[in-house]
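First comes the structure, then the notes that go with it.
The values are calculated or read from the model by the stated rules, or taken from the named source; none is laboratory data. Bear in mind the structure is a predicted one, so any value in this text is a computation, not a measurement. All Cβ positions, even for glycine, are placed from backbone atoms using ideal geometry, and neighbour counts span all protein chains on display.
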Amino acid sequence: MPSTVGCVSDVIRAEGVTRVQRTFAFIDVSGFTAYTDREGDAAAVLFLEQVRGSIRRRASVHGVRVAKWLGDGAMVVGVEPEPVIEAVVSMVDATRDRFDVLPLRAGVATGDVILFEGDDHIGQAVNLAARLCDIAGANEILAPASMQSAMLVNTKLEAHGEHHIPGFGAPIELARLVARGTAGLV
């Protein structure tokens with residue numbers, strides 16, 4: 001039977017597989033395990049409730065979705081790159097200002113992915129965002145330099161050089177995402 005290809009906006013269906021263009025961010029609390037060991041479970045849970053509330057509010061304001069909570073982290077997804085970037089920069093900056101004990105770090109990537117079972121995403125962009133979060137430092141947001149956009153009004157990209165990312169063959173040119181007016185705060 002021949003495959004059917006259909007396209008509705010950014011949704012492509014071929015051979016029973018749905019592909020969509022999405023932007024992903026992974027956000028993680030730096031040092032959460034050590035904090036929990038040092039301060040105890042009750043303090044850790046209280047801190048995590050506050051951070052999750054802050055992330056949830058900022059995701060909502062920017063029109064992006066917290067797709068998954070990952071313990072002391074989250075996966076955020078959006079249809080367009082700019083709202084995801086603006087949301088993540090806001091999340092990291094708010095945490096820096098409010099919770100100086102434990103900073104956030106994040107990775108952002110965009111691309112074509114498989115939409116699996118209606119609410120899960122599989123593909124290179126998801127993996128890249130997760131790996132970038134893993135290598136980001138405290139209060140740092142990393143993204144491929146190719147994500148530069150004229151639509152970024154509150155955020156700029158600062159060159160971070162070419163890096164070998166685990167699981168990716170060729171090195172990737174990276175950038176730090178920072179709020180305009182806060183250059184070099186990493």
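Restricting to the stretch 101-140, count the residues that are surrounded by 19 or more Cβ atoms within 10 Å (Cβ to Cβ) and either without any contact (Cβ under 8 Å) to a residue 24 or more places away in the chain or in contact with a His (Cβ under 6 Å, 6 or more places away or on another chain) (or both).
Qualifying residue count for the region: 1.
Only one of Val178, Val153 is surrounded by fewer than 13 Cβ atoms within 10 Å (Cβ to Cβ), modelled with pLDDT under 95 and either part of a loop (DSSP other than H, G, I, E, B) or over 12 Å from the mean Cα position of the chain (by Cα) (or both); which?
Val153
Do we have Thr33 as surrounded by 13 or more Cβ atoms within 10 Å (Cβ to Cβ), among the polar types (S, T, N, Q) and not in a loop (DSSP other than H, G, I, E, B) here?
no
Keeping to the stretch 54-67, report how many residues are modelled with pLDDT under 95 and surrounded by fewer than 15 Cβ atoms within 10 Å (Cβ to Cβ).
0
Rundown of residues vs (1) under 19 Å from Arg57 (Cα atoms); (2) touching a helix residue (DSSP H, G or I) at 6+ places or on another chain (Cβ under 6 Å); (3) at pLDDT 90 or above, yes/no style:
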residue: Glu86; (1), (2), (3): yes, yes, yes
residue: Met91; (1), (2), (3): yes, yes, yes
residue: Thr95; (1), (2), (3): yes, no, no
residue: Phe99; (1), (2), (3): yes, no, no
residue: Gly118; (1), (2), (3): no, no, no
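Confirm whether Ala179 is over 29 Å from Arg13 (Cβ atoms) and in contact with a His (Cβ under 9 Å, 6 or more places away or on another chain).
No; evaluated as a whole, the condition is false for this residue.
Looking only at residues in the stretch 36-47 that are more than 13 Å from Arg98 (Cα to Cα) and hydrophobic (A, V, I, L, M, F, W, C), which one is surrounded by the most Cβ atoms within 10 Å (Cβ to Cβ)?
The qualifying residue surrounded by the most Cβ atoms within 10 Å (Cβ to Cβ) is Ala44.
Six or more apart or on different chains, Cβ under 8 Å: which pairs go from a residue in the stretch 13-28 that's in contact (Cβ under 8 Å) with a residue 40 or more places away in the chain and surrounded by 18 or more Cβ atoms within 10 Å (Cβ to Cβ) to one that's polar (S, T, N, Q) and in a strand (DSSP E or B)? Could you list them?
Cβ pairs passing all conditions: Arg22/Thr110; Thr23/Thr110; Phe24/Thr110.
For the stretch 82-98, which residues satisfy the criterion of being surrounded by fewer than 23 Cβ atoms within 10 Å (Cβ to Cβ) and within 24 Å of Arg19 (Cβ to Cβ)?
Glu82, Pro83
Going by the structure shown, is Val88 farther than 15 Å from Ser30 by Cβ and either of a type in the set (Val, Ile, Thr) or touching a Phe, Trp or Tyr at 6+ places or on another chain (Cβ under 7 Å) (or both)?
no
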